[in-house]
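*Asks:* Pasting in a structure now, in structure tokens, and then I'll have a few things to ask.
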Amino acid sequence: MREADTVAGDGWRPGKGGRIVADPGSQVADEARMLAGELGMATGRGPARRGDLELVLDRDHPGGKEAYTLTVRDGRARITGSTDAGVFYGTRTVRQAVRSAGRLPDGEIRDRPDRPQRGLHLDTARKHFDAAWIEARLREMADLKLNQLALHFSDDQGFRIESETHPEVVSEQALSKAEVRRIVRLARRLHITVIPELDSPGHLGAVLRAHPDLQLRNAAGTPVTGAVDISLPGSARIVDDLVRELAPLFPGRYWHLGGDEYRALMVTDPEASYPHLAAAARKRYGPRATVQDLATGWLNDRAAVVTELGKRPKAWNDGFFRGGVVRPDRAFEIEYWTGKEIGARPPAEYLREGWTVVNLNDEYLYYVLGQPNQFVYPTGERIYREWSPAVLRGTGPVPAGLDTGPGRVPGARLAVWGDIPGAQTAQQVADGIRLPLTALAQRLWDPARPRLSWPAFVSLADRLD
């Protein structure tokens, strides 16, 4: 949310002799070097003089860790923030202003994001995206002041990160650990957190091809696509092995556990269809326990592993159910994507129960390759005109009176899913998500009704691209 007070004056523009000024030993030295390279300027020590742009850390700067103030007067400019993240976002504003207008006007801009989680969710399991493509998206995200990239790297179609503990599950096309480290290093420089997602207990087909003994089967003995048998200790063991091995690659605070579309819970009568799961539930949790409780216990056990590794667990909304003997671990953040699955609960229920709910509304924020199952490619215009963080399901906001502020709905991500991977090339995906991602970034930074018309917004985005 931006407040700006501009006054008459010459303003500031990159010019001969001007420098990006910062203490070489400070936390913003990297931001200074980056901006200097982008603007074709030199870096230097203070004090700042006419023609310079200075980066300043002030631990008492108000507005939170991503807030900044940009001040222009007397032919020089200054960006101030309480953290290097805030200062970095100020440098993005400078870069945008120089691209669009060639200069910064005299005055002061006070700016901060409304939502702390803003990003892109990328399915690399169904469609492999190489490291260079992902790095290009990171740079675009940084210019939009987005701060999360989630990597859904395992599904029925592929497992896309190198593993030394279980090399048998890894697809031929996969990111090496060295490439993942390079991606994460770039992301950290750009103040973007990379969130890994190892989805379970469904969507594990790539693992099951190497371990068919772990496959879930129904009462008739028919194997269930992508689903592991959660009554088998080996199912938990292989997932936990992979989580523990790969967690050190991702220093961010989150790990996404999936939890969605477990086929045993997508039938009318799970206890009749999967009696051995029902029996395992009763054995572990008592005579009133059901298959739902066994699945909730599975997610809680995986959450305990990632918590032990210093991370907060995330999972999809259709992995959380009403009632039951076993209640989900309150450490979870719920990522709400759909109300279309069997038993899916409306987002209002989660908010009333006090959960934190991140918005991945499949009506607006799902870019599903090939547009199967009545999905259509999202447009930036629909997001810009109709969507807000409170629109968690369908096209309307949750009921009035419920808290959908940043503390309860901390943000959103645009999700790219590779259901029909050959439907678009990687470049077509990059082109297709550009405006939806730009519109989402705008609505997360400032969720108030936009002041610019959509054509004017697109014109501005094109000038900044």
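The values are calculated or read from the model by the stated rules, or taken from the named source; none is laboratory data. Just so it is clear, the structure is predicted and the values come from calculations on it, not from any experiment. Positions of Cβ are generated from backbone atoms using ideal geometry, with glycine treated the same way; all protein chains shown enter the neighbour counts. Surface areas here come from the heavy atoms of the whole protein model, side chains and all, with no ligands, DNA or RNA. Shrake-Rupley method; radii C 1.70, N 1.55, O 1.52, S 1.80 Å.
*Asks:* Along each of the three principal axes of the Cα atoms of region 349-426, give the extent in whole Å, ordering the values from largest to smallest.
*Replies:* 43, 24, 20
*Asks:* Taking 8 Å as the Cα distance limit and 6 or more residues as the minimum spacing, I'd like the relative contact order of the chain as a percentage. Please report the intermediate quantities before stating the final value.
*Replies:* Working: 964 pairs, mean separation 58.6, N = 465.
Reported as a whole number, the value is 13 percent.
*Asks:* Looking at the chain, send over the antiparallel percent of its DSSP beta bridges, to the nearest 5.
*Replies:* Given both bridge residues lie in the chain, the antiparallel proportion sits at roughly 30 percent.
*Asks:* Here is a follow-up. On C-alpha positions alone, give me the angle between the axis of helix 426-445 and the longest principal axis of the chain, in degrees, nearest 10.
*Replies:* Between helix and principal axis, roughly 70 degrees.
*Asks:* Here is a further query. How high is the relative contact order of region 317-465, in percent, with contacts defined as C-alpha pairs under 8 Å that are six or more residues apart? Write out the running numbers ahead of the final one.
*Replies:* On the way: 211 pairs, mean separation 36.3, N = 149.
For region 317-465, the relative contact order is 24 percent.
*Asks:* How big is the Cα convex hull of region 1-132 in projection, averaged over all directions, in nm²? Before the final figure, lay out the partial values.
*Replies:* Values: hull surface 38.8 nm².
Here the figure is 9.7 nm², rounded to one decimal.
*Asks:* Shifting gears a bit: In degrees from 0 to 90, rounded to the nearest 10, what is the angle of the helix 177-189 Cα long axis to the longest principal axis of the chain?
*Replies:* It is inclined by approximately 40 degrees.
*Asks:* So what's the back-of-envelope 222 nm ellipticity for the chain, counting only DSSP H runs of four-plus at -39500 (n - 2.57) apiece and dividing by all residues, rounded to 500? Don't skip to the answer; put the middle values down first.
*Replies:* Numbers: 13 runs with 152 residues, N = 465.
Taking each H run of at least 4 residues, the total per residue is -10000 deg cm²/dmol.
*Asks:* A further question on this structure: Please report, to one decimal in angstroms, the Kirkwood hydrodynamic radius of region 224-328 built from all distinct Cα-Cα pairs. Walk me through the numbers before you get to the answer.
*Replies:* Values: mean 1/r = 0.0696 Å⁻¹.
It works out to 14.4 Å.
*Asks:* Follow-up question, since we're still on this one. Assuming R0 = 35 Å, what is the FRET efficiency of R2 and R244, from their Cβ-Cβ distance, to the nearest 0.05? Display every interim value, and only then the final one.
*Replies:* Working: r = 43 Å, r/R0 = 1.23.
After rounding, the FRET efficiency stands at 0.25.
*Asks:* Counting only trypsin sites (Lys or Arg not before Pro) that are in a DSSP loop and have at most 13 other C-beta atoms within 10 Å, tell me the longest site-free stretch of the chain.
*Replies:* Working: sites that count: K16, R45, R50, R59, R253, R288, R322, R330, K340, R451.
Here the longest segment lacking exposed loop sites spans 60-252.
*Asks:* What are the residues whose amide H is under 5 Å from the amide H of V368, where those residues sit 5 or more places off or on another chain and H is modelled from the backbone?
*Replies:* W417
*Asks:* For N373 paired with Q173, estimate the spin-label separation in nm (one decimal), with each label point 7 Å from Cα along the Cα-to-Cβ line.
*Replies:* Using points 7 Å along Cα→Cβ, the separation is 2.1 nm.
*Asks:* Here are some pairs, K65/K127; K177/K311; K16/K65; K16/K145; which of them have Cα atoms lying more than 26 Å apart in this structure?
*Replies:* On the way: K65/K127 35 Å; K177/K311 20 Å; K16/K65 33 Å; K16/K145 28 Å.
Pairs exceeding 26 Å: K65/K127; K16/K65; K16/K145.
*Asks:* Relative contact order for region 379-437: what percent, with Cα pairs under 8 Å and sequence separation of 6 or more?
*Replies:* On the way: 23 pairs, mean separation 26.4, N = 59.
For region 379-437, the relative contact order is 45 percent.
*Asks:* For A348 and R45 in the same chain, what is the full-extension length gain: residue separation times 0.36 nm, less their Cα-Cα distance, in nm?
*Replies:* Here the answer is 103.8 nm.
*Asks:* Considering only DSSP beta bridges whose two residues both sit in region 1-88, what percent are antiparallel, to the nearest 5? Intermediate results must be reported in sequence, preceding the final value.
*Replies:* Values: 5 of 15 bridges.
Within region 1-88, antiparallel bridges account for around 35 percent of the total.
*Asks:* Quick one: how many Å² of D114 are accessible to a 1.4 Å probe, rounded to 10?
*Replies:* 20 Å²
*Asks:* Compute the projected area of the convex hull of the Cα atoms of region 425-464, averaged over all viewing directions, and report it in nm² to one decimal place. Could the numbers behind the result be given before it?
*Replies:* On the way: hull surface 12.3 nm².
Taking a quarter of the hull surface, the average projection is 3.1 nm².
*Asks:* Relative to 2.2 N^0.38 Å, what does the C-alpha radius of gyration of the chain come to as a ratio? Two decimals please. Kindly include the intermediate steps, with their values, before the conclusion.
*Replies:* Numbers: Rg = 23.8 Å, N = 465, 2.2 N^0.38 = 22.7 Å.
Against the empirical 2.2 N^0.38 Å value, I get 1.05 for the chain.
*Asks:* With everything on Cα atoms, drop me the angle between helix 275-285 and the longest principal axis of the chain, reported from 0 to 90° to the nearest 10.
*Replies:* Here the helix axis deviates by roughly 70 degrees.
*Asks:* Just subtract the alpha-carbon distance of D60 and R284 from 0.36 nm times their residue separation and send over the number in nm, one decimal. Walk me through the numbers on the way to the answer.
*Replies:* Values: separation 224, 0.36 × 224 = 80.64 nm, distance 5.19 nm.
The span from D60 to R284 would gain 75.5 nm if fully extended.
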